[in-house]
1. When only Cα pairs under 8 Å and 6 or more residues apart are kept, what is the percent relative contact order across chain A?
2. May I ask you to derive the relative contact order of the range C:1-73, considering only C-alpha pairs under 8 Å and at least 6 residues apart, and to give it as an integer percent?
3. If one puts a single equal scatterer on every Cα of the range B:178-249 and applies the Debye formula without solvent, what log₁₀ I(q)/I(0) results at q = 0.21 Å⁻¹?
4. Which of the peptides A:207-213, B:175-181 is most tightly packed, and how do the rest follow, judged by the mean count of other Cβ atoms within 10 Å per residue?
5. Over the Cα atoms of the range A:46-131, each weighted equally, I'd like the Debye log10 I(q)/I(0) at q = 0.18, 0.19, 0.23, 0.24 Å⁻¹, rounded to two decimals.
6. What three numbers, in Å, describe the spread of the alpha carbons of the range A:109-267 along their principal axes, ordered from the longest?
7. Let me confirm one metric for peptide C:89-97, namely the mean number of other chain beta-carbon atoms within 10 Å of its residues' beta-carbons.
8. Could you state the per residue volume, in Å³, of the convex hull enclosing the Cα atoms of chain A?
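Coordinate-derived values only; no laboratory data. If you're wondering where the values come from, they're calculated on a predicted model, not measured in any experiment. When we count neighbours, we look across all protein chains shown, and the Cβ atoms used for this are built from the backbone with ideal geometry, even at glycine.
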C-alpha cells in the first residue's frame with residue numbers, strides 16, 4: 001500500500017491529469033489550487049452546454065454538492081452520464097446530504113444515470129447515505145462514528161463503489177478491503193474546504209490509478225501528511241497561515257515523504 | 001458594554017451557532033472562514049428548494065446582496081420569511097443599494113416578508129437607505145458621513161431594527177442607544193470582504209445574544225480589534241499578509257483582549 | 001514605453017478607476033483583491049437587471065468567460081453593448097475558447113454587439129481565435145507558440161483590437177506595434193488566477209490610458225515584475241506563500257520599480 005502511494009503521486013505529477021470539477025463556489029478556488037499543487041490540471045466546467053463536449057478531454061470528474069445551483073445540477077447529471085459512458089471515474093462529494101433532502105434527490109439522479117467510482121463524505125454524510133443515523137449539524141458531522149467502518153462497507157457494497165469517510169481517522173473501503181488513515185490535523189476543522197480539497201485529490205488519484213481503493217487511500221494519506229506538515233510550520237492557532245502553508249506543503253510533497261509519515265492500518 | 005463583549009464571544013465559541021449565509025461569491029470563502037475562526041459554523045445554503053427545510057436548524061441568517069443571482073434572490077426571500085416565522089435573527093448587508101436600484105427592490109421585498117434584525121452597511125449604503133444623500137462610487141462609500149449617526153438612528157427607528165454603519169468609525173444604534181466603535185485599520189480598505197466578514201460576525205453574535213445592539217457592538221469591536229492585531233503583525237503595506245493574519249487573529253482572539261483594546265463611546 | 005508604464009500606474013493609483021468585472025467564480029476574489037492592490041476599485045456587477053444602469057458609473061469593463069453561467073452570459077452581452085455605447089473600454093478574457101465551442105459562441109455575440117478594446121488570453125486561446133491551430137488542454141495552453149506574435153497581429157488586425165497573449169514571454173500588439181514582455185515567474189503557473197488577474201489589471205490600465213497598446217503593456221509589465229518580487233520573497237516551491245506575497249507586491253509596487261525591472265522588447 002505504501003509503495004502504491006508514492007507511485008500514484010508520481011503518476012499524477014508526470015501525467016497532469018485533467019480533473020473536471022463541478023463544485024461549490026465557497027471553496028472552488030482552494031480546490032483548483034490544491035489540484036495544481038498536487039500536479040493535476042483543474043477545469044471548472046459546469047454549464048450544461050459545455051460538459052458533454054468537454055467530457056472527451058477529462059481524466060476524472062469531481063462533483064461536489066455544496067452550493068449546487070439549478071444550472072450546476074443539470075450540468076452535473078449530464079457530465080456524470082457522459083463520463084460514465086467514456087469510462088472515466090466520477091468522484092462524488094455528497095455535501096450536507098444528511099441535512100438537506102434536495103441533496104439526496106440529486107444523488108439519486110446521479111446514481112440512476114452514472115456510475116460513481118468513489119463517494120467521499122464526512123462521517124455524518126456517509127452514515128446518512130448508508131442508512132445509519134448520521135448526525136449532522138448544518139454542513140458538519142457531529143457523529144461519534146463508532147460504527148463508521150461498518151457503515152462505509154455497507155454503502156460500498158450496496159453501490160459497488162469505493163467509500164471514503166473523513167473524520168479524526170479517515171476510513172477507506174471498497175467493501176472488501178478497508179483501511180484507516182490516521183494522518184491529519186485539528187486545523188483541518190478550523191478552515192472551510194479541507195473536505196472538498198481531499199475529494200478533489202481523490203479524483204486526481206483516481207484519474208491515474210484504476211485500483212480506486214489504492215488511489216483513494218493514497219490521496220487521503222497525501223492530504224493528511226501535507227496537513228500535518230503545514231500545521232507544524234504554521235503553529236496550532238493560526239488557521240489563516242495554515243491554509244497558505246497547506247498549498248506549499250502539497251506542492252512540495254513527495255511520495256516518499258507520504259510513505260514515511262503515513263499511518264495506515266488495514267482492518 | 002465591555003463585559004458584554006467578552007460574554008457574547010464566549011457564548012459563540014461555546015455554542016457554535018449555525019449561521020446560514022446567502023452571500024456574494026466574491027468573498028464567500030472569507031465569510032465562511034471568518035465565521036469558523038470566530039467559533040460559529042457557516043452554512044452557505046441558498047437554493048430555493050433547500051432554504052425552508054434548512055431554516056429549522058439555523059441560529060441566524062446572513063443575507064448579503066453583493067452578487068445576488070436570480071436564484072439567490074428567491075432563496076433569500078424565502079429564507080428570510082421562514083427565519084422570521086421561527087424567530088431567528090436576520091442580518092442584512094445591503095451591498096451597493098445606493099448605486100443599483102435592483103438592490104433596493106430586493107430590500108423592499110425582504111422588508112415586506114420578514115423582520116430584519118440588523119442592517120449593516122457602509123456609510124453610503126446606510127445613508128441611501130435612510131433617505132439621506134449617501135455618496136456611493138460603485139461598491140464603495142465615498143461619503144464623509146458627518147450626519148451618519150443621525151441617519152443611522154432615523155433608519156433604525158423607521159424599520160425598528162439595529163443599524164450598523166461601517167467606516168473609519170463604526171456606528172451602531174437601535175434608535176435609542178447609539179455607540180461609536182473606533183477600532184479597525186486602514187488595511188480593511190485594502191482588501192475586499194472586510195465588510196462582508198463584519199456582517200457575518202454580527203449574525204453570529206445575534207445568534208447568541210438577544211440584545212441585538214449589544215451583539216452588534218460586540219461583533220464590530222471584535223472585528224476591529226482583530227484587524228488591528230493583524231495589521232500589527234503584517235505591516236502597513238501588505239494586504240495579502242494582512243488578510244491571512246486576520247483569520248489567525250480572529251481565531252486566537254479572546255473576549256478579554258477585545259474588552260481591553262476596544263474603543264467604544266456611547267453617544 | 002518605460003516612462004509610460006510609470007505614468008499609467010500613477011494615474012490608476014490617483015484616479016481609482018471603477019472596473020466592472022463579469023468573471024469566473026474560481027478566481028473572482030483574487031481579481032477583486034489585485035485590482036484594489038493596483039489602485040483600482042472592483043465592482044462585480046453581473047446580473048442582467050443591474051448592468052445597464054451601472055454602466056454609467058464604470059471606467060472599464062472586464063469580461064472573463066471562465067465559468068460563465070447563463071445569467072452571466074446575458075449580463076455580459078448587455079454590459080458590453082452599453083459600455084461600447086458609452087465609449088468605455090471592454091477587455092475580454094476568452095478562457096478555454098479553444099477547448100469549448102460555447103465560449104466561441106459567446107465571443108461571437110460579444111463581437112457582434114460591442115467593440116472589444118483588448119483581448120487577453122493564453123497562447124492556445126489567442127491562436128485558436130486567430131484561426132491558427134492553438135493547442136489547448138482543458139483550461140491550459142500547451143502550445144509552443146513560435147508563431148504567436150504573427151497570430152496576435154493577425155487577430156489584432158482582423159478585430160481592430162489590442163491583443164495580449166500570455167506565456168513564458170507575453171506578446172502585446174495592436175497589429176501595428178508589437179512588443180514582448182519577458183517578466184514573470186514559473187510560480188504564475190503554480191496558482192490558478194494569474195491570467196485572470198493580469199486581464200483585470202489590463203482593464204484598470206485601459207480605464208486611464210487611451211493608447212491601449214501602452215496601457216496593456218504597462219499592466220503586463222507591472223504584473224510580471226510584481227510576480228518576480230513575490231517569488232523572490234516566497235521561494236521557488238511555495239505557491240501558497242507566493243500568492244499572498246503577490247498581493248503585497250502589487251500593492252507596494254511603484255511605477256519606477258516596474259520601469260527599472262521590466263524587460264520589454266519592441267519587435
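1. Values: 577 pairs, mean separation 55.6, N = 267.
In percent, rounded to a whole number, it is 21.
2. Details: 90 pairs, mean separation 30.6, N = 73.
Computed over the range C:1-73, the figure is 42 percent.
3. The Debye formula, applied to the Cα set alone, gives -0.84.
4. Numbers: A:207-213: 20.1, B:175-181: 18.0.
Per-residue mean Cβ counts within 10 Å order the peptides as A:207-213, B:175-181.
5. Per q value, in the given order, log10 I(q)/I(0) is -0.70, -0.78, -1.10, -1.18.
6. Principal-axis extents of the range A:109-267 (Cα, largest first): 43, 35, 30 Å.
7. Details: counts 0, 0, 0, 0, 0, 0, 1, 5, 0.
If you average over the peptide's residues, the count of other-chain Cβ atoms is 1.
8. 104 Å³
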